[in-house]
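To start, the structure itself, in structure tokens.
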Amino acid sequence: MNKIADAPPVPATLIDAIRYFSDPDRALAFMVDLRWPNGVTCPTCGSQSVSFVKTRRVWTCRAQHPRKQFSVKIGTIFEDSPIGLDKWFAAMWLIGNAKNGISSYEIARGIRVTQKTAWFMLHRIRLAMQRGTFDKLAGEVEADETFIGGKARFMHAHKRAAKITGTGGKDKSAVMGLLERHGPDGHSRVRVKHVANTRRVTLAPEVRAHVEPGANVYTDALKSYDGLSDAYAHAVIDHAEAYVRGNVHTNGLENFWSLLKRAIKGTYVSVEPFHLFRYLDEEAYRFNTRKAKDGARFVDTLRAVVGKRVTYKSLTGKDLLPAGT
Ligand SMILES: [Zn+2]
């Protein structure tokens, strides 16, 4: 077991985690400790005057109000799911710690649920992995963009731009990335976003929204980044001439694009544009926590599940069967 600040002792490896959480009471205690470190609290009225119904692993609030009975899953991505915490935790461990991503088919086989269920679990867990974007990137920041095709083919924006102006074509999704070279943990971190196109009107506001004024911003020679020098020290590397000039390069993002490419190509059969942002968030999360230990990453994900809910309808935009991803 590993020690993590403000968390119960956490298993160190996948096999330890599966063994540990296979006991439903242990899994429950672990989540209760993380969710209610100061004691179980009624989600409806905030009272701590609650009694535990051991046989059903739920609590009853002593106050008089509707929805007196609640489980630890209420108000989290686990709500309304009949899947036990043992399987949820195993799936979270697998998803958070799989270097190149993991498909719903692998999850389904690994924890013995149907592919449809695994798909839903994957998407809920990805939701938990989405980070808030409140703090701005600073210091040295790279900005770059790429296109992801229907068959997960990648092409750099330059090559696309030579053929198509700005939109990337109907079958391509434009993705913009920002990479801060020295993040809060001393390592680089990324933010990625599915954008409508790579025109200036789209890209420039993203830079302004996510990067602290005064930062050094490095981009390629794409015209869409013109006009940033009022707020930033903007330096351009023209990839037609060279890829690196001192500190001026976008190699950090190029590296991230290749990781993303490998994850999507190797793991997912197809990525529909509607879902693309979830895969981007997952890969960004994995990248940004790459220096953390597996157990710490698991705790981090589990902490984030509280307060996030997603329904099947909002995932698919329809009530049809999910695509084979
Ligand atoms: Zn209550």
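Every read-out reported here was derived from the displayed coordinates using simple, explicitly stated rules and does not represent laboratory data. Treat the numbers as computed from the prediction; the structure is a model and nothing was measured. Cβ coordinates were reconstructed from backbone atoms using ideal geometry, including for glycine residues, and neighbour counts include every protein chain displayed.
Summary of values
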quantity: Cβ crowding within 10 Å averaged over residues, with 179-185, 116-122, 21-27 ranked highest first; calculated: 116-122, 179-185, 21-27
quantity: Vicinal HN-Hα couplings computed from phi for region 289-297 (Karplus, 6.51 cos²θ - 1.76 cosθ + 1.60; Hz; Gly/Pro x); calculated: 10, 5, 8, 7, 6, 4, x, 5, 5
quantity: Note, ³J(HN,Hα) from phi for region 55-67, Karplus 6.51, -1.76, 1.60, rounded to Hz, x at Gly and Pro; calculated: 5, 10, 6, 10, 10, 10, 7, 7, 6, 8, 6, x, 6
quantity: Label-to-label distance, nm, for residues given as K3 and R303 (7 Å Cα→Cβ offset); calculated: 1.7
quantity: Kirkwood-Stokes translational diffusion coefficient of region 66-130, alpha-carbon pairs, 37 °C, 0.692 mPa s, µm²/s; calculated: 266
quantity: Listed residue pairs exceeding 21 Å between alpha carbons, taken from K68/K116; K3/K293; K99/K293; K223/K265; K87/K261; K99/K265; calculated: K68/K116; K223/K265; K87/K261
